[in-house]
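Values in this text are rule-based calculations from the coordinates and carry no lab data. Predicted model only: the values in this text are computed from it and were never measured. A quick note on method: Cβ atoms are made from the backbone with ideal geometry, for glycine too, and the neighbour counts reach across all protein chains shown.
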Amino acid sequence: MSSTEFMIKLKHLLRRMPEDEKAEALEYYEQYFADGGEVKDSPEEVARNILADFADDEKKTSTKKHLISVSRTWIVILGVIGIPILLPVGVCILALFICCFAVYIGVFAAWVAFIGTAVGCFIGAFAIIAISWPTAVLFIGVSFVLAAAGMLLFKPIIDLFKVMLKGMSILGSKALRRRS
């Protein structure tokens, strides 16, 4: 059988295929014959193999489309069901951040109060030294204790602030990465 007869017969046997797929297969065999190749199989067998390969490709493509459609459907269903659960959890996490920040503000205010009271006691001691020197000494001692407590709280306050900032930046970056 000549290559022209083979191509005519093959084109007839592939008439059920989409035009672009059929043109690709026919172009392959035309190039094959142009390069001097010979086909040992009959046009019927070649057409059967081409149609089987095409059917496999179509099945894989339709299965992928179906899986994508099903997965999108499940995402929507889980989203609708999950909103009543995730919304309160998100509000609780936000409330937890606000509470942590309030605790930090409270600890910082306590530190300011220690330092302010220490300064006030020290100044007050010199104001009453002429009236009662034992009370002035007591005030100076209290001011030193308060100043020491303030200095002891300074490092933990700074460390707590750094930890809070780092935690918020980590959670914020994770939340932004999920959205993008």
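For the reader, a short list of remarks on this structure follows.
- In degrees, nearest ten, helix 19-34 long axis to first principal axis of the chain (Cα): 60 degrees
- Leading residue at positive end of dipole, the chain (Cβ point charges), from Phe139, Ala47, Ile93: Phe139
- Along each principal axis, Cα extent of the chain, largest first, Å: 130, 41, 19
- Acute angle (nearest 10 degrees) that the helix 133-179 long axis makes with the longest principal axis of the chain, alpha-carbon atoms: 10 degrees
- Of the residues Leu10, Ile77, Met168, the one whose Cα sits farthest towards the positive end of the charge dipole of the chain is Met168 (charges of +1 on Lys and Arg Cβ, -1 on Asp and Glu Cβ, taken about the Cα centre).
- The chain, relative contact order [Cα under 8 Å, separation at least 6], %: 15 percent
- Folded to 0 to 90 degrees: helix 3-13 orientation relative to the chain principal axis, Cα: 60 degrees
- Annotation for the stretch 27-52 versus the stretch 126-179: alpha-carbon center distance of 86 Å.
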